[in-house]
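Okay, structure first, notes after.
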Amino acid sequence: MTEASLDLRPTKMESEFISMTRFLMIIGLTFHHMFQIPSSEYYPRDPIQTYSFFVPDLFNGFFHMAFMAAVPALSVISGYLFFRRRDLDFPQLLKARFFTVALPAWIWAAIWLLVGFALFKVGQKYGPFRWMNYDFDKFTGLTLLNGIVGYDQNPFALQFWFVHDLILTLLLSPVVYHLLRTTKLWALPVMFAVWLTGYVPPLFFSMNVLFFFAVGAGLAFPQVGGLQNALEKVAHWGGYAVPVFVLALVLRLFSFKFVEVSEFIRGDFYLSLLRLLGIVSFSFVLLMLAKQDGSIKKFFLKYSGYSFFIFAAHYPLIMIVGAVAVRVPGHNSSTGFFAMWLAVPLLTATLCVILAKLLERFLPAVFALLNGGRNGSAPPKQVDTVSAS
């Protein structure tokens, strides 16, 4: 066994917590990536001064900002599963991640780029999808590279910036291991301080994935005691974090009311604090759910195997669903806006699951490729982390 990892597979509680977290965070990303409620004047990253209908726009802004914690939480899980194993064979691990992360993500990104290009061409003539432009009017090789991989701008399917940064992080995983091991984890506070500054490493879109992947890696070191040990601390302190998180989100939405500190509340440092509070708060709530056998837990575990598929398929599908939603009679009212805020992301996720189940049943090889080899309908098990992650 290497010095870096615990000689244990994830416990049943850890496996269930990870599966539930992955599913909730990706559903949260679906809400997050709706951005504005279709036809609303309110952009959810701004204070709620200008809005179309106060209550639905308030909900949208609150949940959009709350799920800023999704990428950090998913990155912690990735780091923990990558490093918690008996042997750290980096070439073998990177090869496995090529087939479970990189290849299916690039295939999905290429599919969405092709769909986007086709809809843009239709939109030029007929109008409904004219907004779907990604330099398609001056398409070059760089457009293709950016659209699929993300070179100097986000991929066309926006969610794949996370995969871009995760792939770079995985390539740096031997360096992360070496730093954590030689410094006895003291590299983490240094990385934390750098992360708080808002520094972005070369080739990365942000430092969120790299830093929180390293946090997950640190949890796998023997002296930390694993995820379950960290969750026990969350169980003790997390109840205090939840109301603080809610208050911090409300302050961000109404920052215009506090002129003296509004710039700070809207700044990057405050956003970093929101992400930290979000991780602890969501972890606390999910831990409470994981300790029970309620219907929410069963639902999350039942569909957690489709998390990657939902992640890969939800954007720009949600934009297409939103474009249809504004044609539904009654949408332009407070009730209609609230219905769209709730229904557009949920319908998008539902369509993703329906497509996944159809492929899983009738074209299992295609489903396996697009889902990174993960079994969508199988419940989470205490399996080797190469296949679990």
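Can you tell me which residue within the range 54-106, out of those that are open to solvent by less than 10 Å² (accessible area, probe 1.4 Å) and aromatic (Phe, Trp, Tyr), is nearest to Ile148 (Cα to Cα)?
Phe82
Return the total of residues in the range 257-287 being over 21 Å from the mean Cα position of the chain (by Cα) and open to solvent by 90 Å² or more (accessible area, probe 1.4 Å).
Result for the range 257-287: 6.
Count, please, the residues in the range 294-331 that happen to be within 18 Å of Met132 (Cα to Cα), in contact with a Leu (Cβ under 6 Å, 6 or more places away or on another chain) and without any contact (Cβ under 8 Å) to a residue 60 or more places away in the chain.
Of the residues in that region, 1 qualify.
Is there a residue in the range 118-137 that is more than 27 Å from Phe264 (Cα to Cα), charged (D, E, K, R) and open to solvent by less than 80 Å² (accessible area, probe 1.4 Å)?
yes
Can you list residue pairs whose Cβ atoms sit under 6 Å apart, with the first residue in the range 268-293 being in contact (Cβ under 8 Å) with a residue 40 or more places away in the chain and the second being open to solvent by less than 40 Å² (accessible area, probe 1.4 Å) and of a type in the set (Asp, Glu)? Count only pairs 6 or more apart in sequence or on different chains.
Final answer for the pair search is Ala290/Glu16.
Look at Ile279 and say whether it is over 21 Å from Gly216 (Cβ atoms) and β-branched (Val, Ile, Thr).
Criteria not met by Ile279.
To keep it simple, each residue is scored yes or no on (1) open to solvent by 10 Å² or more (accessible area, probe 1.4 Å); (2) aromatic (Phe, Trp, Tyr).
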{"site": "Leu289", "(1), (2)": "yes, no"}
{"site": "Ser295", "(1), (2)": "yes, no"}
{"site": "Phe309", "(1), (2)": "no, yes"}
{"site": "Ile320", "(1), (2)": "yes, no"}
{"site": "Ala323", "(1), (2)": "yes, no"}
{"site": "Thr335", "(1), (2)": "yes, no"}
{"site": "Phe338", "(1), (2)": "yes, yes"}
{"site": "Leu342", "(1), (2)": "yes, no"}
{"site": "Ile354", "(1), (2)": "yes, no"}
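Give the number of residues within the range 113-144 that are at pLDDT below 85 and of a type in the set (Val, Ile, Thr).
Number of matching residues: 1.
Just to be sure before I move on: is Ala217 modelled with pLDDT under 95, of a type outside the set (Lys, Arg) and assigned to a helix (DSSP H, G or I) in the structure I sent?
Against the criterion (modelled with pLDDT under 95, of a type outside the set (Lys, Arg) and assigned to a helix (DSSP H, G or I)), Ala217 does not qualify.
Looking at (1) loosely packed, with under 14 Cβ neighbours inside 10 Å; (2) modelled with pLDDT of 95 or more; (3) more than 20 Å from the chain's Cα centre (by Cα), which is the only condition Trp237 fails?
Here Trp237 clears every test but (2).
Filter the range 1-35 down to the residues that are part of a loop (DSSP other than H, G, I, E, B) and modelled with pLDDT of 95 or more and list them by number.
His33, Met34, Phe35
Here is a list of conditions, (1) closer than 29 Å to Lys95 by Cβ; (2) assigned to a helix (DSSP H, G or I); (3) open to solvent by less than 60 Å² (accessible area, probe 1.4 Å); (4) in contact with an Asp or Glu (Cβ under 8 Å, 6 or more places away or on another chain), and Ser206 meets all of them except one; can you say which number that is?
Answer for Ser206: the failing condition is (2).
Quick one: how many residues across the range 156-191 are open to solvent by 70 Å² or more (accessible area, probe 1.4 Å) and either under 16 Å from Ala105 (Cβ atoms) or of a type outside the set (Ser, Thr, Tyr) (or both)?
8
Are any residues in the range 284-311 among the polar types (S, T, N, Q) and over 29 Å from Pro104 (Cα atoms), and if so, which ones?
If the condition is that a residue be among the polar types (S, T, N, Q) and over 29 Å from Pro104 (Cα atoms), then Gln292, Ser295 are the ones that fit.
Which of the residues spanning the range 132-185 are aromatic (Phe, Trp, Tyr) and either free of Cβ contacts under 8 Å to residues at least 60 places away in the same chain or part of a helix (DSSP H, G or I) (or both)?
Tyr134, Phe136, Phe139, Tyr151, Phe160, Trp161, Phe162, Tyr177
The values are calculated or read from the model by the stated rules, or taken from the named source; none is laboratory data. Keep in mind the model is a prediction, meaning the values are calculated, not measured. Here Cβ is always computed from backbone atoms with ideal geometry, including for glycine, and neighbour counts include all displayed protein chains. The area values use the complete protein model at the heavy-atom level, side chains included, leaving out ligands, DNA and RNA. Shrake-Rupley method; radii C 1.70, N 1.55, O 1.52, S 1.80 Å.
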